[in-house]
Amino acid sequence: MKQTFFAICICIFSIYNQAEAQALRIGDTVPHTRLPASNYKKDYIDLAEFKGKTTLLVFWSYICVNCFKSFPKIDSLQREFGENVQIIMVDRHSAASTDSFFQKRKRIFRPDLPMIHDTAVMPKLFPYNSVPFHVWIDKNGKVLHKTGGFSTTRENLASVINGGKLRIAEYEPVYFKPSLFDTSYKEDLTYFSYLSRCIGNLHLTSLRGGPNELYYSCQSVASLYVKAYNEGGKFKFDRPGRVRYMFRDSSRYVLPSDRSVIPEWLASNGYNYHQLVPKELGNRRFQIMREDLNRVFPVTAQPVTRRVKCLVLGRLPNIDRLRTKGGQPKRNFVYLGLKAVEEYNKKELQNVPYSEFSGIMSGTLETIYQMPVVDSTGFKGNIDIALTPEAIDTENLRLLQSELKKYGILLEEKVCPIKILELTDR
């Protein structure tokens, strides 16, 4: 009889989990909710069992590089605050799938934290459509905050543990709109441009499509100027080391270095920009954007050539080792970063133009080392080259220099004349 009663209770509890779960708001109490888990003392977690300590739910996904980069910090916060906090990772995959994900990507730090694997209950209790997404639960089991990942800092966590409340931007789902105005007349519009403050997590999309439209969402003033002068990548001002800020006070124009305050900063200092011009004005759309910005902001932007720190690809006497031996062209040299599965992450080019290698290498080096890259080899023709993933996907300049040297390429850090964009007060 007792066994029958127990079975009925489990059945009812399971049905509640999946069918009755409703979105929790700030101040709501987290219900008893049994969820499949791994790396925990049991194979399930009941969210209500952590009353008496601060709980932080960290929602992540397999494609979120910012999530991966935050894992060491999240793990260190748990170790630092110990029994005062319980940090729990949350994903929408099975335990086996998540384990396989980490096994195949050794470069991603695997936090030593409990993990919830659920697609049925958690997305209903805490709806979200972008990650990182963090839910803060206080010692009484009440939902305290829902935030992006920026707000999870040592200082904020210590404050919540000690009973404080944070003044931080609450999480908003990402949503998309083709315009801030009535789209019923979109086919009748000939010309417009407008600038607005950031509006939550709104992202502008194309109203009509085509090359005669520009739209940027929640950008700093400095970023809008860079886009206006970069003209869709023509001048590379959006690449590392190619913008110099010379404002007396940059706090209104440039994103703060403290990532934890970026959501609040953008709410006060970020802008949306949208422009549509007739076909005959399409080649002037970036000039028009610059004129729009200058009407609103007291900023001067000037493209100039300056000597800046850079990486240079040069040639050694043995550079002919690069020259191809022929064969079917192979292209397996893409910078894949942390998301890449190691076994598919070879770096090899065979019988392809050197210019293709140079473009990939320059973009990769600029991404990793955050400075301009100049190719002065002057090499022409097709090449064969194979490098290790560690030399390309990680910040290991000495290893990369050593491997390139075998092919007659010298990689050096120098000071080079580079065309940059200077932004200053008008």
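Assorted remarks:
- Any pair with Cβ under 8 angstrom, 6 or more apart, that starts in the range 395-411 at a residue that is assigned by TED's automatic domain parsing to the domain that holds ARG323 and ends at one that is of a type in the set (Ser, Thr, Tyr): GLU395/TYR369; LEU397/TYR369; LEU399/THR388; GLU403/THR388; ILE409/THR377
- Every condition in (1) in a helix (DSSP H, G or I); (2) in contact (Cβ under 8 Å) with a residue 60 or more places away in the chain; (3) among the small types (Gly, Ala, Ser); (4) farther than 21 Å from ILE87 by Cβ holds for SER184 except the one numbered (2).
- Boolean, SER70 is touching a helix residue (DSSP H, G or I) at 6+ places or on another chain (Cβ under 6 Å) and either assigned by TED's automatic domain parsing to the domain that holds ASP138 or farther than 20 Å from TYR44 by Cβ (or both): yes
- Pairs with Cβ under 8 Å, 6+ apart, first in the range 298-312 and among the small types (Gly, Ala, Ser), second surrounded by 13 or more Cβ atoms within 10 Å (Cβ to Cβ): ALA301/TYR225; ALA301/ALA228; ALA301/TYR229; ALA301/ARG290; ALA301/LEU421; ALA301/GLU422; ALA301/LEU423
- Candidate set: the range 40-72, residues that are without any contact (Cβ under 8 Å) to a residue 60 or more places away in the chain and not hydroxyl-bearing (Ser, Thr, Tyr); chosen: the one surrounded by the most Cβ atoms within 10 Å (Cβ to Cβ): PHE71
- Unmet criterion (only one of (1) acidic (Asp, Glu); (2) more than 23 Å from the chain's Cα centre (by Cα); (3) surrounded by 19 or more Cβ atoms within 10 Å (Cβ to Cβ)) for GLU83: (3)
- Of all the residues in the range 255-269, those that are at pLDDT 95 or above and touching a Ser or Thr at 6+ places or on another chain (Cβ under 6 Å) number 1.
- Any chance ASN201 is free of Cβ contacts under 8 Å to residues at least 40 places away in the same chain and under 29 Å from GLY149 (Cβ atoms): no
- Residues of the range 206-232 that turn out to be surrounded by 13 or more Cβ atoms within 10 Å (Cβ to Cβ), free of Cβ contacts under 8 Å to residues at least 40 places away in the same chain and not in a helix (DSSP H, G or I), as a count: 1
- Of the helices (runs of 4 or more DSSP H) lying entirely inside the range 340-426, the ones with 2 or more residues being modelled with pLDDT under 95 are found at 354-369, 389-393.
- GLN328 vs. criteria of a type outside the set (A, V, I, L, M, F, W, C), modelled with pLDDT of 95 or more and within 18 Å of PHE235 (Cα to Cα): no
- Every residue from the range 375-390 that is surrounded by fewer than 16 Cβ atoms within 10 Å (Cβ to Cβ) and either among the hydrophobic types (A, V, I, L, M, F, W, C) or not assigned by TED's automatic domain parsing to the domain that holds GLY314 (or both): ALA386
Here's the yes/no breakdown for (1) surrounded by 11 or more Cβ atoms within 10 Å (Cβ to Cβ); (2) touching a Pro at 6+ places or on another chain (Cβ under 9 Å); (3) in the same structural domain as LEU207 (by TED's automatic domain parsing); (4) at pLDDT 90 or above:
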| position | (1), (2), (3), (4) |
| --- | --- |
| ARG167 | no, no, no, no |
| LEU180 | yes, no, yes, yes |
| ASP188 | no, no, yes, yes |
| PHE192 | yes, no, yes, yes |
| SER196 | yes, no, yes, yes |
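- Positions within the range 148-174 being in contact with a His (Cβ under 7 Å, 6 or more places away or on another chain), without any contact (Cβ under 8 Å) to a residue 60 or more places away in the chain and within 30 Å of SER206 (Cα to Cα), in sequence order: VAL174
- Of all residues in the range 237-258, those satisfying the criterion of being in contact with a helix residue (DSSP H, G or I) (Cβ under 8 Å, 6 or more places away or on another chain), outside any helix (DSSP H, G or I) and free of Cβ contacts under 8 Å to residues at least 40 places away in the same chain are ASP238, VAL254, LEU255, PRO256.
The values are calculated or read from the model by the stated rules, or taken from the named source; none is laboratory data. All of these numbers come straight from a predicted model, not from anything done at the bench. Using ideal geometry, Cβ is built from the backbone for each residue, glycine included, and neighbour counts are taken over all protein chains shown.
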